[in-house]
Amino acid sequence: MLRIGSIVWGVGDVSRAIQFWSAALDYEPLRKPSIDWAILVPRTGGGPQLAITAVTSQAQDHQRHHLDLYAEDASAEIERLLGLGASRVEWRYPPDADYVVLADADGNTFCVVEKRTAKPDPDHV
């Protein structure tokens, strides 16, 4: 089962985007932002994360936004999506990558992220 975990938003100015989207959506940083990366979450209630990342491309020239789809079994979901018409995208992955980049039928890229649901710890009730 897939779920939208993050909407990844490419911007030229991360600090300005944090201010704008926090006010617009009533979100707040999940943790201290860096100069080129931040994760915003709803102040109250649920909803997907908004991951803000610094990019150098111009919005009119390059896809700057994509979805991170969270899966408990990423391999199975990737195969299912490929069967639906997705395609693999050539990508330079870091050694510890927990994601795979795919493209939909129109060429829009998205990530499938291995994200297992945390099981309750019986020792910490």
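Total residues in the stretch 40-77 satisfying the condition of being over 21 Å from LEU30 (Cβ atoms) and touching a Leu at 6+ places or on another chain (Cβ under 8 Å): the figure is 1. Going through the stretch 56-105 one residue at a time, which ones are β-branched (Val, Ile, Thr), under 15 Å from VAL8 (Cβ atoms) and out of contact with any helix residue (DSSP H, G or I) (no Cβ under 9 Å at 6 or more places or on another chain)? Once the filter is applied, which keeps residues that are β-branched (Val, Ile, Thr), under 15 Å from VAL8 (Cβ atoms) and out of contact with any helix residue (DSSP H, G or I) (no Cβ under 9 Å at 6 or more places or on another chain), the stretch 56-105 yields VAL89, VAL101. For the stretch 88-118, the tally of residues that are small (Gly, Ala, Ser), surrounded by 10 or more Cβ atoms within 10 Å (Cβ to Cβ) and farther than 17 Å from ARG64 by Cα stands at 1.
Is it true that some residue in the stretch 48-61 is out of contact with any Ser or Thr (no Cβ under 7 Å at 6 or more places or on another chain), over 28 Å from GLY107 (Cα atoms), among the β-branched types (Val, Ile, Thr) and assigned to a loop (DSSP other than H, G, I, E, B)? No, every residue in the stretch 48-61 fails to be out of contact with any Ser or Thr (no Cβ under 7 Å at 6 or more places or on another chain), over 28 Å from GLY107 (Cα atoms), among the β-branched types (Val, Ile, Thr) and assigned to a loop (DSSP other than H, G, I, E, B).
No lab work stands behind these numbers, since they all come straight from the coordinates. Please read all numbers here as calculations on a predicted model, not as lab measurements. Positions of Cβ are backbone-derived with ideal geometry, glycine not excepted, and every protein chain shown enters the neighbour counts.
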